[in-house]
Amino acid sequence: MTLLNTVANLGAKWPPSLALYGVDALAGRVRDPFAFELAVCTAAGVAWLLAARPVVARLQDVPVARWRVGGAGFDDSKV
């Protein structure tokens, strides 16, 4: 559980650090680095949403029974 918590904390901490590093790296090259980074990140997010939409739609069409993991003693009627 401690390893899982460590990985979760690392996964949550590196994006803000990377964003601040990007602003610092752009400071001398772009007039308004925050606005530039905001535009780039927004465009990347919209592109990701457009690319992921078909995959998410296919996953939503999968029946609930296919998501469940069966095991010994699991009674589906009580769920």
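Only the coordinates and a few stated rules stand behind these numbers; no lab work does. A quick note: this is a predicted structure, and the numbers were derived from the prediction, not measured. Every residue, glycine as well, gets a Cβ built from its backbone with ideal geometry; the counts of neighbours run over all protein chains shown.
Here is the P(r) of the chain: all C-alpha pair distances, binned every 5 Å from 0, give 3, 11, 11, 10, 12, 15, 13, 9, 6, 5, 3, 2, 1 in whole percents.
Our coupling estimate for the stretch 57-64, obtained by passing each phi through the Karplus curve with A = 6.51, B = -1.76, C = 1.60 and θ = phi - 60°, is 5, 5, 5, 5, 7, 6, x, 4 Hz, Gly and Pro reported as x. The 3J(HN,Hα) values that the Karplus relation (6.51, -1.76, 1.60; θ = phi - 60°) gives for the stretch 18-35 are, in residue order, 5, 5, 5, 5, x, 5, 5, 5, 7, 4, x, 9, 10, 5, 10, x, 5, 5 Hz. Gly and Pro appear as x.
Using DSSP loop states and a limit of at most 16 other Cβ atoms within 10 Å to flag trypsin sites (Lys or Arg not before Pro), what is the longest stretch of the chain containing no flagged site? For trypsin sites (Lys or Arg not before Pro) (loop position, at most 16 other Cβ atoms within 10 Å), the longest site-free span of the chain is 32-67.
For the stretch 2-63, a crude dipole built from +1 on the beta carbon of Lys and Arg and -1 on the beta carbon of Asp and Glu, taken about the Cα centre, is about 80 debye to the nearest 20.
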